[in-house]
Amino acid sequence: MQETIATESDISDIFRLYNLRVFHYALQLVGNREDALDVTQETFLRLHRHWSRRDPARPVVAWLYAIARNLAIDTLRKRGVRGETEEDPNMEDALSRDPEDVATNSELRRQLWTAIRALPEPLREVLLLRDWHGMRYAEIAEITSTNPTTVTSRLYEARQRLRKELKGYL
């Protein structure tokens, strides 16, 4: 097997493309910005450090998210409890500046994140990876060490629970 060596350009390109995405994913898992920044930084350090172990046939993004996931789990274990997740910074009021619309959107966003936080970890993780991070089922299966069928069923269950929880808002 030919050993691959990461060039500065490879790592820089990956960092540029995925830094913010990995940070948002870490934030959604660990619940606060400081820990998410630490997880993100350590993710890219490990990516660089272990580049030679990478399987070139597999997508880098799945490996990157798997590293971030494992580091986030370690962070939560050290903390001993799951933190309250801050609202996702991507979800901004983009519809209007009308105060009534802003208030309605803010309330819906608050209820949505409350419902997402209430999901069991395996359901929440699959939902976030698919719907917020746009991952394919096979990538999610690789990241979560499951199979695509399990991903499908967890995603279905997560969406059903959210629909039920947000019924009065939608």
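The values are calculated or read from the model by the stated rules, or taken from the named source; none is laboratory data. If you're wondering where the values come from, they're calculated on a predicted model, not measured in any experiment. Glycine also receives a Cβ, built like all others from the backbone with ideal geometry; neighbour counts cover every protein chain displayed.
Here are some notes:
- Only helices (runs of 4 or more DSSP H) whose full extent lies in the stretch 7-79 are considered here, and the ones with at least 1 residues that are farther than 17 Å from R124 by Cβ, under 12 Å from the mean Cα position of the chain (by Cα) and among the hydrophobic types (A, V, I, L, M, F, W, C) are 8-30, 60-79.
- Any pair with Cβ under 6 angstrom, 6 or more apart, that starts in the stretch 122-134 at a residue that is in contact (Cβ under 8 Å) with a residue 40 or more places away in the chain and ends at one that is outside any helix (DSSP H, G or I): L129/M135
- Near pairs, Cβ below 6 angstrom, 6+ apart or cross-chain, from the stretch 24-36 (assigned by TED's automatic domain parsing to the domain that holds R79 and under 22 Å from M135 (Cα atoms)) to any residue that is modelled with pLDDT of 95 or more and surrounded by fewer than 20 Cβ atoms within 10 Å (Cβ to Cβ): A36/F23
- Hey, R163 touching a residue at least 12 places away in the same chain (Cβ under 8 Å) and either under 19 Å from V60 (Cβ atoms) or in a helix (DSSP H, G or I) (or both) or not: no
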